[in-house]
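Asks: For reference, the structure I am asking about is given below.
No value in this document is a laboratory result; all are computed from the given coordinates. Keep in mind that what you see is a predicted model, and the values were worked out from it rather than measured. We place every Cβ from the backbone using ideal geometry, glycine too, and count neighbours over all the protein chains shown.
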Amino acid sequence: MNATDQKLVENYLAGQRDAFSMLYDRYVGKIYRFVYYKTLHKETAEDIVADVFYKAISGLHSYHVSKGPFSAWIYTIARNAVVDHYRNHRSTSNIDDIFDIPLNERTEERIDAKETLSKIENYMGTLSTRQREIITLRVWDDMSYRDIADIIGGSEESVKMMFLRSIKTIREKFGPMAVVALFTLKF
Amino acid sequence: MHTNIEIILRELYALDPSLKEHDESMRSFIKSLIASRPPTQIDAAFVTELRARLLGHVPEPSPVAHHDFSWWMVRLVPMGALALLLIIFAPERFNLTPTSVPSATSSKILESGTSLMVVDTATNSLNIAMQKPERTFLGDYVALEMPGFLVVHEENKGEFGAILGVSELLQGGTSEKIPVILSRDMADEETLFASLYADNGDGKFNKETDTPVIDSLSGGPMYMVVPVSRFASPDMISE
């Protein structure tokens with residue numbers, strides 16, 4: 001039977017270093033994708049993921065289940081790490097991810113698959129950070145609404161409603177077939 | 001992917017049945033959203049290397065008790081002499097509890113009541129045991145989010161007094177057995193304060209331009225109260 005996250009945390013704090021290795025294996029892929037969707041650059045995502053896990057292992061003694069699921073805790077560290085990355089590298093504030101950076105300020109070499117970005121930025125840019133996270137976690141990571149709610153906060157129902165509104169926002173702004181055309185056109 | 005589209009559509013239609021009227025375009029739309037997912041193959045070598053670094057460089061986990069350095073604790077410091085007497089007659093291993101900041105919050109700049117600009121960094125801690133009355137102060141363990149310094153102060157009526165010594169620049173990460181050469185020998189039964197400062201980038205300590213690392217739990221500067229005793233022994237000093 002797979003140990004719960006909380007049990008692994010307890011085991012690690014009791015001296016079982018392998019327990020953290022298991023937590024790491026459980027989350028490194030998820031956190032990497034979460035960060036990559038926000039940065040769209042492999043090396044940047046790797047740097048941030050390393051930072052996230054250093055902070056996690058250093059701060060594990062402060063985590064307790066009473067504060068919420070472990071997933072919420074580590075995703076919060078990841079979200080803040082991405083924000084810190086952009087704050088440390090840019091003079092402007094209020095940048096949560098790559099989609100908040102104006103087009104004329106983006107450094108092309110720091111973005112993978114520029115073609116991919118150009119495809120998705122049109123609709124991602126119309127959404128709030130929270131909405132973007134719900135879209136990426138539900139559609140791209142196939143995460144359940146319950147798990148998403150644990151990560152971003154709120155109830156399962158509120159996450160569903162926000163997902164619905166996000167979908168409607170994109171459709172209303174671009175039209176139901178415009179997005180289809182956007183992704184099927186050859187560049 | 002096909003199953004995922006059906007599930008997502010079913011969920012959306014349950015929330016807004018009117019969307020069912022546009023089923024064909026909704027299907028194409030969700031399919032396109034899924035197809036727009038950027039490729040995110042994580043580098044296996046990166047995963048392996050990071051795991052090794054994490055488990056190879058972090059100290060063994062140990063129980064941590066947060067010590068609330070409240071205003072009252074600072075005022076009670078002069079009674080440290082009495083505490084030392086108790087310690088002398090209680091030869092158990094004495095280990096000062098570390099103050100750690102396991103915060104997941106982002107960095108921010110705050111302005112304290114004394115108009116100090118302080119830096120709240122996400123992962124900082126220090127662990128210092130009782131000192132022998134010698135010229136060299138020894139910090140057992142320091143973890144810093146950013147490069148900084150371990151600073152030793154005299155105690156002055158329960159508050160930080162003059163700085164007696166500053167460590168070499170400590171790089172971000174963990175440091176152990178950090179020596180701080182003081183301007184004078186420590187005195188038996190004296191009490192000192194050890195604090196952390198974040199470097200402003202020039203690599204040199206300057207009390208005016210470097211910023212105290214704060215404890216996000218207490219909101220004040222991160223520090224430890226360090227007693228000095230001629231009876232401090234290797235058993236009392238943390239490994």
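Asks: Mind checking the mean number of beta-carbon atoms from other chains within 10 Å of the Cβ atoms in A:136-146?
Replies: Whole-number average of other-chain Cβ neighbours for A:136-146 is 3.
Asks: Which whole number gives the average count of other chain Cβ atoms within 10 Å of the Cβ atoms across peptide A:49-59?
Replies: So the per-residue partner count for this stretch is 6.
Asks: Could you list B:23, A:100 so that the one with the fewest beta carbons within 10 Å of its beta carbon is first and the one with the most is last?
Replies: By the 10 Å Cβ count, ascending: B:23, A:100.
Asks: For the ranges A:71-79, A:151-159, what's the packing order if you count other beta-carbon atoms within 10 Å of each residue, average per peptide, and put the highest first? Let's see the in-between values first.
Replies: Values: A:71-79: 22.1, A:151-159: 16.7.
Top to bottom by mean Cβ count within 10 Å: A:71-79, A:151-159.
Asks: Let me ask something additional. Hey, got the Cα dimensions of the range B:143-200 along the principal axes, in Å, largest first?
Replies: Cα extents, longest axis first: 32, 20, 15 Å.
Asks: Where does each of A:44-54, A:139-149, A:11-21 land if you order them by average Cβ count within 10 Å, highest first?
Replies: Ranked by mean Cβ neighbours within 10 Å, highest first: A:44-54, A:139-149, A:11-21.
Asks: Per residue of B:40-51, what is the mean number of Cβ atoms on other protein chains within 10 angstrom of that residue's Cβ?
Replies: Averaged over the peptide's residues, the number is 5.
Asks: How much net charge surrounds residue B:169 when only other residues with a Cβ under 11 Å from its Cβ are counted (Lys, Arg +1; Asp, Glu -1)?
Replies: Overall, the nearby charge balance is -3.
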